[in-house]
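The values are calculated or read from the model by the stated rules, or taken from the named source; none is laboratory data. These numbers were taken from a predicted model, which means no experiment stands behind them. Quick reminder, even Gly has a Cβ in these numbers, built from the backbone with ideal geometry, and neighbours come from all protein chains shown. Calculation scope for accessible area: heavy atoms of the full protein, side chains included, ligands and nucleic acids excluded. Shrake-Rupley method; radii C 1.70, N 1.55, O 1.52, S 1.80 Å.
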Amino acid sequence: MLKAKILFVGPCESGKTVLANFLTESSDITEYNPTQGVRFESCWPALMKDSHGVVIVFNADLPSHLKEIEMWYSCFVQQQLLQDTQCLLIAHHKPGSGSDKGSPSLSPPLNKLKLVHSNLEDDPEEIRSEFLKYLKSIVNSVSESRDREEMSIIT
């Protein structure tokens, strides 16, 4: 069975856990409980090891998150030598936020990434569909890489 390791990262209170739970159909948790244990940078190298993709989640309604996601991109995508196609940027809109789907002004190289808006109140299936497309591309990439590796062993 083919497995892919995808990390959900981003600023505090951006909606990472709620989105991950929704996308994996784990639960319908809506109240905020800070995720403990992974807030320490010393853990990051272990988390990043052998990852195939990174989903950067940010609260689209907080301007400070736009600056902060540059650091997440640098640490989790660029420093890990991942391709931009292995990264998905999710502008998460919390319930009652008004969900302005205008494109946030992202600086390079973030403006080259696939950006998806997420609103679990108004259109939950849109984010599920976009995430599945992303996941399929990651799985295809992992599969092709494994096939190349197997062929190099054989020849």
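Observations on the structure shown:
- Residues satisfying the stated conditions in segment 123-153, i.e. open to solvent by 90 Å² or more (accessible area, probe 1.4 Å) and within 22 Å of His65 (Cα to Cα): none
- Filter result for Val116 (touching a Leu at 6+ places or on another chain (Cβ under 7 Å), under 23 Å from Ser51 (Cβ atoms), open to solvent by 40 Å² or more (accessible area, probe 1.4 Å) and at pLDDT 90 or above): no
- Within segment 60-80, tally of residues that are surrounded by fewer than 21 Cβ atoms within 10 Å (Cβ to Cβ) and either assigned to a helix (DSSP H, G or I) or in contact with a Pro (Cβ under 8 Å, 6 or more places away or on another chain) (or both): 11
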